[in-house]
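**Student:** I am attaching a structure below and will ask some questions about it afterwards.
The values are calculated or read from the model by the stated rules, or taken from the named source; none is laboratory data. Note that the structure is predicted; figures quoted are calculated from it, not measured. No Cβ is skipped: glycine too gets one built from the backbone with ideal geometry, and neighbour counts run over all protein chains shown. The accessibility values were calculated without ligands, DNA or RNA, using every heavy atom of the protein model including side chains. Shrake-Rupley method; radii C 1.70, N 1.55, O 1.52, S 1.80 Å.
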Amino acid sequence: MLEKKLHSLSLNQIQIEDMFWKEYMELVRNHVIPYQWEALNDRIKEAEPSYCIQNFRVAAKLEEGSFQGMVFQDSDVYKWLEAVAYSLMWHPDEKLEQTADETIDLIAAAQQPDGYLDTYYIINGLEKRFTNLMDHHELYCLGHMVEAAVAYYKATGKRKFLDVAIAYADCVAEHLGTEDGKIPGYPGHEVAEMALVALYEVTGEERHLNLAKYFIDQRGQEPLFFNEECKKNDNKCFWDDTYMQKQYYQAGKPVREQEKAEGHAVRAVYLYSGMAEVASATEDAELFKVCEKIWDNIVKKQMYVTGAIGATEHGEAFSFDYDLPNDTVYAETCAAIGLIFFARRMFEITKDSKYTDIMERALFNGVISGMSLDGKSFFYVNPLEVNPEACEKDYFKRHVKPVRQKWFGCACCPPNVARLLSSIGGYAFECSEDAIYMNLFVGGQIEAALNGKKNRFHVETQYPWEGTVKIKVENQEDSSFTYAVRIPGWCQNYELTINGVKPEYYVEKGYAILNHVWKNGDEILLKMDMPVTLVEANPRVREDIGKVAVMRGPVVYCLEEIDNQDQLQEIYLEENPVFTETFEKDLLKGVVTLKTQGKRLSEKNWGEETLYRPYRGRTYEKQELTFIPYYAWTNRGIGEMTVWVRI
Ligand code: ZN
């Protein structure tokens, strides 16, 4: 029952031609991947050095030097290679593949005879390895290595990187476990859990699944491993004096006893993704129930309207239910990406659109906000409200930047965006034996074998700016299968036809299920009304009382100073605003803007000398308001921004 009935299509079966996503994919291919390669090699003057490739060269004894950068620096090259692998699938590129092959040669050259591969310890002394699993990220690097190696193997059929990753996984399994003489440890930063299941799916070797399952089951068992590890190796736990303690690592209690999303948000959603994978691969209903419970806690109590997660900078973490401050927010790009990983796995088990709805929300808002429209700068933190002066002068908002940054010393987010966007087709469509599921409305050509027959689909859409999606079937012979179309949660009215006629269908878990004998040229037409919608938050969200967020389809909108002047806190929407929706092709690479007559609290009769006075009612001045998509903010210079607007 929990076995995944769905699988992704290979990215070479999906040629995306859609004006929205193709643009992002080409940005990743033409700018982000080459730029990141330069960054990994420390050839970008204005950015903080990465030292990533240099560390591998030192570890491989190709040059002298010390380890530099963050302890998890190795993971950056793995994430880059993963993005490269996806890109090669839909756009073969010999030169890029050669660079990747050479990088893999370098990685392999740094690998130790017993399979160990983490440059921090190779350079600083192998006798210290596996002595600080809590904070030193050896297993995090393993996870990213495995994910990249699996992707590269699928893209090129070349085994070298896969074998390197298998050897490191085997080395880890040799040293970690509950058996006598082994270290009963697990990752301080999760990701290996889901990666090892992906490895198992490629190799079919139970030992890879077993290692993932061990990491899940051992986490949080008494005596707490991280406490024991601290005592034994004299490590310090930074979080012991905080409310999070070991739950910062989701390791304060066994995962099956956890009911809420807690601690570091990226680690959390990576863990939950791994739990969903293991639950599915081992048919573990109890573990799956935990995933469901935690999912509900996130999306019903701890998620921003943008699909972002992580309310506090302290620990880059979840804080508590309904605590969703907009201006001191964390909302790391990687955390929204991790939520998409979790959503996808839950969908693959359940075929329920409640997961793919969130996937879409996070993608269009919390994730792509993380990258500038030219693909050259990135946000780590994605605020929903910004006053640039506060970012500079308020110590508690110093983590919030009013403009995307070139590169970070801790560069987790940019390569994460790259690997997600270059594999977006795999999220859009998934298949079972006899059905294709359309999760995201992405235009292009898709090939899928269903019921043993080859099928082609041609999808045309101007989504997210228009709600019409046209799917043309291009078959050699008649073919019987199910086409399942997600009817998004935001959509209240839609029309669905096949060849102009309303077909017989039913909606199951948010998907319109079209069972049909399909002929060449058959055309499915989905027309979704896409009105502007005002969204309010549960009253327990203190920050959003008396305010609304403006959405159209899956896109969250915001007000920016450049269009609406400063002091955005003075702005009000009218009670029933009427919006003018205009597609502006030359603005922000083409967006639908929303304009409406609003109002602004009058500053007249205040004078600069008066801070307080007896209340005398409010007076407003009319003001035309312009909303732009949130993801595109601060691409036109620094200024104030807000998602939530008073009404
Ligand atoms: Zn990040």
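**Student:** Among residues other than Gln13 whose Cβ falls under 13 Å from its Cβ, what is the net charge (Lys/Arg +1, Asp/Glu -1)?
**Tutor:** For residues surrounding Gln13, the net value is +1.
**Student:** Leaving out ligands, DNA and RNA, what percent of the accessible area of region 528-614 is carbon and sulfur, probe 1.4 Å? Could you put the intermediate results ahead of the total?
**Tutor:** Values: 2380 of 5080 Å².
Its accessible area is 47 percent carbon and sulfur atoms.
**Student:** Please work out the Cα center distance from region 395-470 to region 303-365, rounded to the nearest Å.
**Tutor:** Cα centroid of region 395-470 versus Cα centroid of region 303-365: 16 Å apart.
**Student:** Okay, next question. Test of understanding: what is the full-extension gain from Ser10 to Val535, defined as 0.36 nm times their sequence separation minus their Cα-Cα distance? Mind showing how you got there, number by number?
**Tutor:** Numbers: separation 525, 0.36 × 525 = 189.00 nm, distance 3.67 nm.
The Ser10-Val535 span can extend by a further 185.3 nm.
**Student:** Once amide H atoms are placed 1.01 Å from N in the peptide plane, what residues at a sequence separation of 5 or more from Gly263, or on another chain, have their amide H within under 5 Å of its amide H?
**Tutor:** Phe318
**Student:** If you line up the Cα atoms of region 54-94 on their principal axes, what length do they span on each, largest first, in Å?
**Tutor:** Cα extents, longest axis first: 38, 21, 10 Å.
**Student:** So what are the ³J(HN,Hα) numbers for region 526-532, from phi and the Karplus equation (6.51, -1.76, 1.60; θ = phi - 60°), rounded to whole Hz, Gly and Pro as x?
**Tutor:** Ordered by residue, 3J(HN,Hα) equals 10, 10, 9, 5, 10, x, 5 Hz.
**Student:** Okay, moving on. Could you give the length gained by full extension between Lys622 and Ile545, i.e. 0.36 nm per residue of separation minus their alpha carbon distance, to one decimal place?
**Tutor:** On the way: separation 77, 0.36 × 77 = 27.72 nm, distance 2.25 nm.
Using 0.36 nm per residue and subtracting the Cα-Cα distance, I get 25.5 nm.
**Student:** For Tyr572, what residues show an amide H to amide H distance below 5 Å, using hydrogens built from the backbone and excluding near sequence neighbours?
**Tutor:** Long-range HN contacts for Tyr572: Lys599, Arg600, Leu601.
**Student:** Among Thr306, Gly338, Val403, whose Cα sits farthest toward the positive end of the charge dipole of region 305-438 (+1 at Cβ of Lys/Arg, -1 at Cβ of Asp/Glu, about the Cα centre)?
**Tutor:** Result: Val403.
**Student:** Mind checking region 531-609 for GluC sites (Glu not before Pro) that DSSP puts in a loop (not H, G, I, E or B) and that have at most 14 other Cβ atoms within 10 Å?
**Tutor:** On the way: sites: Glu536, Glu543, Glu560, Glu561, Glu570, Glu574, Glu575, Glu581, Glu584, Glu603, Glu608, Glu609; in loops: Glu536, Glu574, Glu575, Glu603, Glu608, Glu609.
Those that pass, being in a loop and sparsely packed, are Glu574, Glu575, Glu603, Glu608, Glu609.
**Student:** Right, another one. Write down, largest first, the equivalent ellipsoid semi-axes of the chain in whole Å, where each equals the square root of 5 times an eigenvalue of the alpha-carbon gyration tensor.
**Tutor:** Details: eigenvalues 298, 214, 112 Å².
Output for the chain: semi-axes of 39, 33, 24 Å.
**Student:** Can you give me the long-range amide H partners of Ser50? Hydrogens built in the peptide plane at 1.01 Å from N, cutoff under 5 Å, separation of 5 or more residues or another chain.
**Tutor:** Residues meeting the criterion, in which the H sits 1.01 Å from N, are Asp42.
**Student:** Taking Cα centroids, how far is region 513-551 from region 138-160 in Å?
**Tutor:** When both Cα centres are located, 36 Å separates them.
**Student:** Ok, one more. Determine the gain in length on full extension of the stretch Glu574-Asn41; use 0.36 nm per residue of separation and subtract their C-alpha separation, reporting nm with one decimal.
**Tutor:** Numbers: separation 533, 0.36 × 533 = 191.88 nm, distance 5.27 nm.
Length gained, Glu574 through Asn41: 186.6 nm.
**Student:** Only helical DSSP H runs with n ≥ 4 go in: add -39500 (n - 2.57) per run for the chain, normalise by residue count and round the 222 nm mean residue ellipticity to 500 deg cm²/dmol. Don't jump to the answer; show the numbers that get you there.
**Tutor:** Details: 19 runs with 213 residues, N = 647.
My calculation for the chain gives -10000 deg cm²/dmol from helical runs alone.
**Student:** Hey, what do the phi angles of region 173-181 turn into as Karplus ³J(HN,Hα) couplings, whole Hz, using 6.51/-1.76/1.60 and θ = phi - 60°, x for Gly and Pro?
**Tutor:** 5, 5, 9, 10, x, 8, 5, 3, x
**Student:** Leaving out ligands and nucleic acids, and using a 1.4 Å probe, what accessible area per residue does region 11-75 come to in Å²? Write down the numbers at each step before the final one.
**Tutor:** Working: 2990 Å² over 65 residues.
Dividing the accessible area of region 11-75 by its residue count gives 46 Å².
**Student:** Which entries of Lys79/Lys128; Lys253/Lys293; Lys5/Lys472; Lys128/Lys232; Lys453/Lys502; Lys401/Lys599 show an alpha-carbon separation above 23 angstrom in the structure shown?
**Tutor:** Values: Lys79/Lys128 26 Å; Lys253/Lys293 16 Å; Lys5/Lys472 25 Å; Lys128/Lys232 12 Å; Lys453/Lys502 26 Å; Lys401/Lys599 28 Å.
From the list (Lys79/Lys128; Lys253/Lys293; Lys5/Lys472; Lys128/Lys232; Lys453/Lys502; Lys401/Lys599), the Cα-Cα distance tops 23 Å for Lys79/Lys128; Lys5/Lys472; Lys453/Lys502; Lys401/Lys599.
**Student:** Now, a different point. From the phi angles alone, apply the Karplus equation (6.51, -1.76, 1.60; θ = phi - 60°) to region 615-625 and give each ³J(HN,Hα) in whole Hz, x where the residue is Gly or Pro.
**Tutor:** Per residue, the Karplus-derived 3J(HN,Hα) values read 5, 10, x, 9, 10, 10, 10, 5, 8, 6, 10 Hz.
**Student:** Also, I was wondering about something else. For region 224-262, list residues with backbone N below 16 Å from a point placed 7 Å from the Cα of Thr178 toward its Cβ?
**Tutor:** Answer for this model: 224-226, 253-257.
**Student:** If I take R0 = 41 Å and measure r between the Cβ atoms of Gln112 and Glu292 in this structure, what FRET efficiency does the formula 1/(1 + (r/R0)^6) give, to the nearest 0.05?
**Tutor:** Result of the calculation: an efficiency of 0.50.
**Student:** Still on this structure, I have one more. Could you compute the FRET efficiency for Asn605 and Arg636, with r as their C-beta to C-beta distance and R0 at 41 Å, rounded to 0.05? Intermediate results must be reported in sequence, preceding the final value.
**Tutor:** Details: r = 33 Å, r/R0 = 0.81.
For R0 = 41 Å, the calculated efficiency reads 0.80.
**Student:** Report the paramagnetic label zone for Phe320: residues of region 539-553 whose backbone N is under 13 Å from a point 7 Å from Cα along the Cα-to-Cβ axis.
**Tutor:** 542
**Student:** I'd like the chymotrypsin sites (Phe, Trp or Tyr not before Pro) in region 194-240 restricted to DSSP loop residues with at most 14 other Cβ atoms within 10 Å, sorted by number. All intermediate terms of the calculation are to be shown ahead of the outcome.
**Tutor:** Details: sites: Tyr200, Tyr214, Phe215, Phe225, Phe226, Phe238, Trp239; in loops: Phe238, Trp239.
Answer by residue number: Phe238.
**Student:** I would also like to ask the following. Please give the residues of region 70-102, grouped as numeric ranges, whose backbone N is less than 16 Å from a label point set 7 Å along the Cα-to-Cβ vector of Lys128.
**Tutor:** 70-74
**Student:** Would you mind working out the magnitude of the charge dipole of region 348-497 relative to its Cα centre, with +1 at each Lys and Arg C-beta and -1 at each Asp and Glu C-beta, to the nearest 20 Debye? Before the final figure, lay out the partial values.
**Tutor:** On the way: 17 positive and 19 negative charges, 140 e Å.
Its charge dipole is roughly 680 debye.
**Student:** Calculate, for Glu447 and Tyr612, the FRET efficiency according to 1/(1 + (r/R0)^6) with r their C-beta to C-beta distance and R0 41 Å; round to the nearest 0.05. Kindly include the intermediate steps, with their values, before the conclusion.
**Tutor:** On the way: r = 68 Å, r/R0 = 1.65.
The formula returns an efficiency of 0.05 here.
**Student:** Oh, and also: Using a simple spin-label model with points 7 Å from Cα along the Cα→Cβ vector, what separation in nm is obtained for Glu17 and Ile647?
**Tutor:** 4.0
**Student:** Can you pull out the trypsin sites (Lys or Arg not before Pro) in region 125-160 that DSSP calls coil and that have at most 12 other Cβ atoms within 10 Å? Before the final figure, lay out each step's value.
**Tutor:** Numbers: sites: Lys128, Arg129, Lys154, Lys158, Arg159, Lys160; in loops: Arg129, Lys158, Arg159.
Listed in order of number, the matching sites are Arg159.
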